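Have a look at the structure below, then the notes.
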Protein chains: 2
Amino acid sequence: MQSRSSAAHATGRPRSAAADAAILEATRAALVELGWSKLTLGDVATRAGVAKTTLYRRWAGKNELVVDAVAELFDELELPDSGSLAADIEGVVLQFAAILDRPEAKSGLMAVVAEATRDGALRARIRASIVDRQKRLVLEGRAHAQARGELPAEDDPGTASRAVDLIFDVVAGAVLHRTLVSAEPVTEDWACGLAQILLQGLPESAPPPPG
Amino acid sequence: MQSRSSAAHATGRPRSAAADAAILEATRAALVELGWSKLTLGDVATRAGVAKTTLYRRWAGKNELVVDAVAELFDELELPDSGSLAADIEGVVLQFAAILDRPEAKSGLMAVVAEATRDGALRARIRASIVDRQKRLVLEGRAHAQARGELPAEDDPGTASRAVDLIFDVVAGAVLHRTLVSAEPVTEDWACGLAQILLQGLPESAPPPPG
DNA sequence: ACAGTTACGCTACGGGTCGTATCGAAAGCG
DNA sequence: CGCTTTCGATACGACCCGTAGCGTAACTGT
């Protein structure tokens, strides 16, 4: 999870892996109860049953700790190879929205993103731990759709890469904005409407059946 | 800007309007230099040339203050009635991105959104001061496009309202995600690609000319 | 078994910010 | 000139920060 990859130091007392897990779990619990602003590292340490010094030995501060605590939440995302691009998009959108609905994800993620605007190292950490990690969903969905013939194959790798980035920004950004800024729920209807825009564009989007 | 609308108290010493402006300006300056987390109300008061108590008399805390300070930034947005829906979208996207590029908007906006996940009153304040205020752009652009025949007219007001909300989430969310999460610049090419998706959908989006 | 090395828990500390209270002076109104 | 409200200044206890010091625990190589 951090710099210690496999066996950097073969000597001395090893770091407790259980402590890592307990700290991250305690961080999420504190995010739920207190939110970002009232979360203190001393409190997290108490909840996790570790000393405050132990916590500071592993993470540089609140920002880095919360990034790692939140990143774990997004690893459960997976593409539901459902047979059509529209259904794939809808499925991922609903999964993503379900995670963002959890208070520890909401308050934690946005707060570290806000801090990352003034901290390049934190920005890199977020990208590596969360963003780029989940871009695989777009890649897989795109590949499936191309195999089905729903999307044209792309040969130029540069263009393809920019397209994937754009799609990721649109999909993730829409869900994020809906959940956090507009503060309204992501329903199946909404996800369906989003998929419709992505597949057909605005003009052809005839209104969905009332419901 | 706050509860005092026109003439609530005709008696006593009136509140200095200049102090309000100075405080909001000082808040933005502090956001640029220090960012959200290191911004302190005492510092803002000093910069504005007012006492800390004056500041607390008008705003409940950091959150409310920054919302008001940031909201003013977004009022300069306007729809560039450029003759086509694609160009209108591109224009608004580029304007929005230009504002989000300013550090006081970046760090301030995301931070208050993060805090708003645990504070309903703050959420309402953000909606009223920022979000709903700018939704006018979607309404205007949609009306223009319908007058041009680029978009079908919508009769059911409920469906139309949901469509406007969805479009707003997609456009604003995409720019927000691109700027703050992906942390990459919104270029003209990118805005063009976004408009293309919105108008034509993913499948027909042939790659734009290289450059 | 023993020395060497690293992690751990605990406690304590100076420094900073918070939000509030208090007070006298200033600014408007009748 | 009285009344009301705001303003500036200062002081205050409470809290959290991040670090330092120390003795103990865990693991490794010879």
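Points worth noting:
- Phi-based couplings in Hz for region B:178-193 (Karplus 6.51, -1.76, 1.60; Gly and Pro marked x): 4, 6, 9, 8, 5, 6, 10, x, 8, 8, 5, 4, 5, 4, 5, x
- The simple Förster model, with R0 at 60 Å and r as the Cβ-Cβ distance, assigns B:Ala51 and A:Arg102 a FRET efficiency of 0.90.
- Charge dipole of chain B about the Cα centre (unit charges at C-beta), most positive-ward option of B:Ala26, B:Gly83, B:Val70: B:Ala26
- The relative contact order of chain B comes to 21 percent, based on Cα pairs under 8 Å that sit 6 or more residues apart.
- Heavy-atom accessible surface of region A:131-200, averaged per residue, reaches 41 Å², computed with a 1.4 Å probe.
- Debye, to nearest 20: dipole size of region A:17-58, +1 on Lys, Arg Cβ, -1 on Asp, Glu Cβ: 140
- For chain B, the longest site-free run once trypsin sites (Lys or Arg not before Pro) in DSSP loop states with at most 15 other Cβ atoms within 10 Å are removed: B:39-211
- Per residue, the accessible area of region B:17-58 comes to 48 Å², computed with a 1.4 Å probe over protein heavy atoms only.
- About its Cα centre, chain B has a charge dipole of approximately 1380 debye under the convention of +1 per Lys or Arg Cβ and -1 per Asp or Glu Cβ, with nothing else charged.
- Highest-fluctuation residue, B:Ala45, B:Ala183, B:Ala26 considered, GNM on chain B with Cα pairs under 10 Å: B:Ala183
- Violating pairs (Cα-Cα greater than 27 angstrom) within the set A:Lys38/B:Lys52; A:Lys106/B:Lys135; A:Lys62/B:Lys135: A:Lys62/B:Lys135
- The 3J(HN,Hα) values that the Karplus relation (6.51, -1.76, 1.60; θ = phi - 60°) gives for region B:47-60 are, in residue order, 4, 7, x, 10, 7, 4, 5, 4, 5, 5, 5, 9, 10, 6 Hz. Gly and Pro appear as x.
- 37 °C / 0.692 mPa s Stokes-Einstein diffusion coefficient of chain A, Kirkwood radius on C-alpha pairs, µm²/s: 171
- Nonpolar atom fraction for region B:8-63, defined as the carbon and sulfur part of the 1.4 Å probe accessible area, stands at 55 percent.
- Placing R0 at 35 angstrom, the Cβ-Cβ distance between A:Asp132 and A:Ala10 gives a FRET efficiency of 0.65 after rounding to 0.05.
- For the pair B and A, total buried accessible area rounded to nearest 100 Å², probe 1.4 Å: 4500
- Candidates B:Val170, B:Val186, B:Val70, ranked by Gaussian network fluctuation over chain B, Cα under 10 Å, top entry: B:Val170
- Spin-label pair A:Glu78/A:Val164, simplified geometry with 7 Å Cα→Cβ offset, distance in nm: 2.0
- Computed over region B:17-58, the alpha-carbon pair-distance distribution with 5 angstrom bins reads 5, 29, 37, 20, 8, 1, each value a whole percent.
- Amide H contacts under 5 Å for A:Leu151, placed H, 5+ residues apart: A:Gln146
- Computed from label points 7 Å out along Cα-Cβ, the spacing between A:Ala121 and B:Arg148 is 4.9 nm.
- In order along region A:96-113, the phi-based Karplus estimate (6.51 cos²θ - 1.76 cosθ + 1.60, θ = phi - 60°) of 3J(HN,Hα) comes to 4, 5, 5, 5, 5, 6, 6, x, 5, 6, 3, 5, x, 4, 5, 5, 5, 5 Hz; Gly and Pro are listed as x.
- Convex hull volume of the Cα atoms of region B:108-211, normalised per residue: 143 Å³.
- Leading residue at positive end of dipole, region A:96-161 (Cβ point charges), from A:Gly108, A:Ala98, A:Gly149: A:Gly108
The values are calculated or read from the model by the stated rules, or taken from the named source; none is laboratory data. This is a predicted model, so every value here is computed, not measured. So basically every Cβ, Gly included, is an ideal-geometry build from the backbone, and we count neighbours across all protein chains shown. Each accessible area value is taken on the protein alone, full model and side chains, heavy atoms only, with ligands, DNA and RNA left out. Shrake-Rupley method; radii C 1.70, N 1.55, O 1.52, S 1.80 Å.
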